[in-house]
1. Just to check your reading of the model, which residue among 167, 181, 163, 187 is under 16 Å from the mean Cα position of the chain (by Cα), closer than 25 Å to residue 8 by Cβ and open to solvent by 50 Å² or more (accessible area, probe 1.4 Å)?
2. Could you say which residue among 137, 114 is closer than 18 Å to residue 200 by Cα, open to solvent by 20 Å² or more (accessible area, probe 1.4 Å) and out of contact with any Cys (no Cβ under 9 Å at 6 or more places or on another chain)?
3. Among the residues that make up segment 217-234, is at least one of them more than 26 Å from residue 75 (Cβ to Cβ), of a type outside the set (Asp, Glu) and open to solvent by 20 Å² or more (accessible area, probe 1.4 Å)?
4. Residues in segment 33-52: is at least one exposed (fewer than 13 other Cβ atoms within 10 Å of the Cβ) and part of a helix (DSSP H, G or I)?
5. I need the full set of residues from segment 122-156 which are closer than 15 Å to residue 19 by Cβ, within 13 Å of the chain's Cα centre (by Cα) and not in a loop (DSSP other than H, G, I, E, B), in order please.
6. Please go through segment 58-82 and pick out each residue that is among the hydroxyl-bearing types (Ser, Thr, Tyr) and touching a residue at least 40 places away in the same chain (Cβ under 8 Å).
7. Counting only residues that are under 26 Å from residue 86 (Cα atoms) and among the acidic types (Asp, Glu), which one in segment 37-69 is nearest to the chain's Cα centre (by Cα)?
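The values are calculated or read from the model by the stated rules, or taken from the named source; none is laboratory data. Remember, it's a predicted structure, so these values are computed and weren't measured experimentally. Note that each Cβ is placed from the backbone with ideal geometry, even for glycine, and that neighbours are counted across all protein chains shown. Quick note on the areas: whole protein, heavy atoms, side chains included, nothing else; ligands and nucleic acids left out. Shrake-Rupley method; radii C 1.70, N 1.55, O 1.52, S 1.80 Å.
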Amino acid sequence: MSDFLETIVARTRERVRDLPSPRPAPARDPHAFANALRSDHVRLIAEIKAASPSAGPIVKNPNVESIAREYARGGAAAISIVTEPEFFCGSNEWLARAASASGLPVLMKDFVIDERQLLCGIAAGANAILLLASLLDAKQIRESIALLDQFGCDALVEVHDARELERAIGGGARIIGVNNRNLRDFRVDLATAEALGARMPAEVIKVAESGIKTRDDVERLRAAGFQAFLVGESLLRQNDRAAAIQALIA
């Protein structure tokens, strides 16, 4: 585990110590996130985040509803919400706000280490929740997916290397995201997705994350078998976010 992850996990443990254990209602539209990604066409997951350790401030106090509507107007299939509060300046409250404004399924991105984070995310309106294979072993991934399945919520299992991919596959992941960003030095290389995508089972929904800025990037990764693309910082910095999405998926 990188120094960055060790730091954030330590702070996350403190943050979740007093979390409640809600019992949310099952989703009205079960597995809406996975269903939104199943298509022969380019499916884009557009991200809302205020900041990141690698980029610093991105959008201070983002107008979640306005951005979500722009994303929907541009043709995004789903919206990713970075909810981690300390390092990314996010909030679980953004989930329902983005979903209500856009009508799109929403993904909660946090550093999940505790079952209560899953339950709180579902209760807050998440249609899918990120699971990091860098933090969870195959058994924990499988158990987390089973819990989410009870509520019709999906899991996007994120990997960075072949070892983590083995954990994701061993944990029964049905949606696997490859993060092209190296968490040790924050460098981005699309070849990471190309290499790992070739090792995924055919039935898995493949999501490419980080470093996707142009239509050429999308086409390069489509050729490697990816049908969904998670794009954040490059969209958020655009003046016309809807047009930027259309340029990627057209």
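1. Values: 167 fails: under 16 Å from the mean Cα position of the chain (by Cα); 163 fails: under 16 Å from the mean Cα position of the chain (by Cα); 187 fails: under 16 Å from the mean Cα position of the chain (by Cα).
Exactly one of 167, 181, 163, 187 is under 16 Å from the mean Cα position of the chain (by Cα), closer than 25 Å to residue 8 by Cβ and open to solvent by 50 Å² or more (accessible area, probe 1.4 Å), namely 181.
2. Working: 114 fails: closer than 18 Å to residue 200 by Cα.
Answer to the selection: 137.
3. Taking segment 217-234 and keeping what is more than 26 Å from residue 75 (Cβ to Cβ), we get none.
Within segment 217-234, none of the residues are more than 26 Å from residue 75 (Cβ to Cβ), of a type outside the set (Asp, Glu) and open to solvent by 20 Å² or more (accessible area, probe 1.4 Å).
4. No, segment 33-52 contains no residue that is exposed (fewer than 13 other Cβ atoms within 10 Å of the Cβ) and part of a helix (DSSP H, G or I).
5. 129
6. Just the residues of segment 58-82 that are among the hydroxyl-bearing types (Ser, Thr, Tyr), to begin with: 66, 71, 80.
Of everything in segment 58-82, those that are among the hydroxyl-bearing types (Ser, Thr, Tyr) and touching a residue at least 40 places away in the same chain (Cβ under 8 Å) turn out to be 71, 80.
7. Initial filter on segment 37-69 (under 26 Å from residue 86 (Cα atoms)): 45-69.
Subset that is among the acidic types (Asp, Glu): 47, 65.
Details: 47: 8, 65: 18 Å.
This residue is 47.
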